[in-house]
Amino acid sequence: MKLFGTDGVRGKAGKKLSAFMAMRLAMAAGIYFRKNSITNKILVGKDTRRSGYMIENAIVSGLTAVGYDVRQIGPMPTPAIAFLTEDMRCDAGIMISASHNPYFDNGIKFFDSLGNKLGEVEEAAIEKIYFDDELIEANQKIEFDIGRSKRVDDVIGRYIVQIKNSFPKNLTLKGLRIVLDTANGAAYKVAPTIFNELGADVIMIHDDPNGSNINLNCGALHPEELGEEVRRLRADVGFAFDGDADRLVVVDENGNPIHGDKLLGKIATFLQSQNRLTNKGVCVTVMSNQALEDYLKKAGIKTYRCDVGDKNVLETLYREKINFGGEQSGHIILSDFAKTGDALVAALSVMHCMLTEKKKVSQLLNPFELYPQLQQNIKIDNKIPLNELKGYTTLVSELESKKIRVLIRYSGTENLLRILLEGQDEKTLEEQMEKTVKFFKSALNE
């Protein structure tokens, strides 16, 4: 059984992700991190899901059982956990969140002592320990060696200072009206505080979490109401976050959501104009539109592509010695200020660009036209290797012969097959998408 997916361990709380599993996973992680322990402390944060109480307590039990001291900080954004793990000199950090998933799902993400998400090698090592009964048993502590837990309530200020430091001190948001949709998630306290302190006229929506309304028809996945509020209130811009605030969607002054690739493209060229784009390179994933790459090339910026997942983006940033990248879904990494996708840092980067270039968002964030692209998800029961499906290779070859860019993959967090087709002719794309969906529905149900 494989525990880790694209972004940590994720599943339906109480079923796939049970209290027992969370406790044992915490034990395995504690045993793994102890090999390089310096402070014997692990930080634990969460988003606003009801199941977070259950999973947090299970994780604390597991970590203390193997001798770790735990620092619990309650609901905070995922990027805050990455930052605070390093800032508080902890051996590791754990975030309890299923990000953009519905409230009944939950997940566990791990960070090393420097605030970096774990790679596949480290995750595989924790999985191996998880399934080793003798090792788990041998590492449980007794008497005074059992760990302790402590709730820390004053760390929010550290993260707020870190975010504000990403915004130039000579600029202010005074006179700007901004609508924020925190998806009833982890940023519901942090986000308004930051924008208010920077001088903006802030209007909040979906900032009243009750344990079951996180991401519910709101936030980055559903920015429709945000768009309506921006229009109604004649605001300058709207920002929507997902449940753990590592994803950003921008809505312009007309209430229209900005495509993630256009956002990436504009921030990249703005950073370059400020001489802040290291080595004139940007990392995007295989999901990004080819038009983005062509736009960046004209601006003298090299594009690096990687697999889906912001940890893959970050690995590419380190490898290529560049400092900016992201996913079209809204995970944007400005590595000078964050170790993972941080919606608040990205939002302030947009405001910096807007104030500097003195343009409305609708003008600012539409720097190029996208090539036609179609995406469709198919619900599945089993993730059969694609190359084992009869006719799959032929299908892909036929699509590529029609000058269609093809990306077909299984979701790392849900039971879905994701299909992306991109080309110059929309009618051809629609015809080929229909054919492709029909193929997979047949092939996966045989």
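Can you name every one of the helices (runs of 4 or more DSSP H) wholly within segment 45-152 that holds 2 or more residues which are open to solvent by 10 Å² or more (accessible area, probe 1.4 Å), touching a residue at least 12 places away in the same chain (Cβ under 8 Å) and closer than 30 Å to L317 by Cα?
78-87, 120-130
Find the residue count for segment 222-237, including only residues that are over 18 Å from the mean Cα position of the chain (by Cα) and not in a helix (DSSP H, G or I).
So the count comes out to 4.
Kindly list, by first and then second residue, each pair from a residue in segment 372-385 that is of a type in the set (S, T, N, Q) and at pLDDT 90 or above to a residue that is part of a strand (DSSP E or B) and surrounded by fewer than 17 Cβ atoms within 10 Å (Cβ to Cβ), limited to pairs with Cβ atoms under 8 Å and residues at least 6 apart or on different chains.
Close Cβ pairs (under 8 Å, with a partner that is part of a strand (DSSP E or B) and surrounded by fewer than 17 Cβ atoms within 10 Å (Cβ to Cβ)) amount to N377/L416.
Can you tell me which residue in segment 238-292 is nearest to D208 (Cα to Cα), limited to those that are part of a strand (DSSP E or B) and open to solvent by 10 Å² or more (accessible area, probe 1.4 Å)? Steps first, answer last, please.
From segment 238-292, those part of a strand (DSSP E or B) are 238-241, 248-251, 257, 281-285; that's our starting set.
Cutting the leftovers down to open to solvent by 10 Å² or more (accessible area, probe 1.4 Å) gives us 249, 257.
Working: V249: 19, P257: 23 Å.
Among those that are part of a strand (DSSP E or B) and open to solvent by 10 Å² or more (accessible area, probe 1.4 Å), it is V249.
State yes or no: is N312 buried (at least 23 other Cβ atoms within 10 Å of the Cβ), touching a strand residue (DSSP E or B) at 6+ places or on another chain (Cβ under 8 Å) and of a type in the set (S, T, N, Q)? Spell out how you get there, then give the answer.
On the way: buried (at least 23 other Cβ atoms within 10 Å of the Cβ): no; touching a strand residue (DSSP E or B) at 6+ places or on another chain (Cβ under 8 Å): yes; of a type in the set (S, T, N, Q): yes.
Answer is no for this residue.
I'd like the residue in segment 19-44 that is over 17 Å from N116 (Cβ atoms) and in contact with a Ser or Thr (Cβ under 8 Å, 6 or more places away or on another chain) and, out of all such residues, is surrounded by the most Cβ atoms within 10 Å (Cβ to Cβ).
A26
Just the residues that are without any contact (Cβ under 8 Å) to a residue 40 or more places away in the chain and assigned to a helix (DSSP H, G or I), please, taken from segment 167-194.
P192, T193
Provide a single number: the residues in segment 351-372 that are among the hydroxyl-bearing types (S, T, Y) and surrounded by fewer than 16 Cβ atoms within 10 Å (Cβ to Cβ).
2
Would you pick out the residues in segment 1-13 that are more than 24 Å from Q140 (Cα to Cα) and either over 22 Å from the mean Cα position of the chain (by Cα) or open to solvent by 50 Å² or more (accessible area, probe 1.4 Å) (or both)?
Of everything in segment 1-13, just one residue is more than 24 Å from Q140 (Cα to Cα) and either over 22 Å from the mean Cα position of the chain (by Cα) or open to solvent by 50 Å² or more (accessible area, probe 1.4 Å) (or both), namely K12.
Considering only residues that are more than 18 Å from A240 (Cα to Cα), open to solvent by 10 Å² or more (accessible area, probe 1.4 Å) and not charged (D, E, K, R), which ones fall in segment 161-196?
V161, Q162, N165, S166, P168, N170, L171, T172, G175
The values are calculated or read from the model by the stated rules, or taken from the named source; none is laboratory data. If you're wondering where the values come from, they're calculated on a predicted model, not measured in any experiment. As a convention, Cβ positions derive from the backbone with ideal geometry for all residues, glycine included, and neighbour counts pool all protein chains shown. The accessibility values were calculated without ligands, DNA or RNA, using every heavy atom of the protein model including side chains. Shrake-Rupley method; radii C 1.70, N 1.55, O 1.52, S 1.80 Å.
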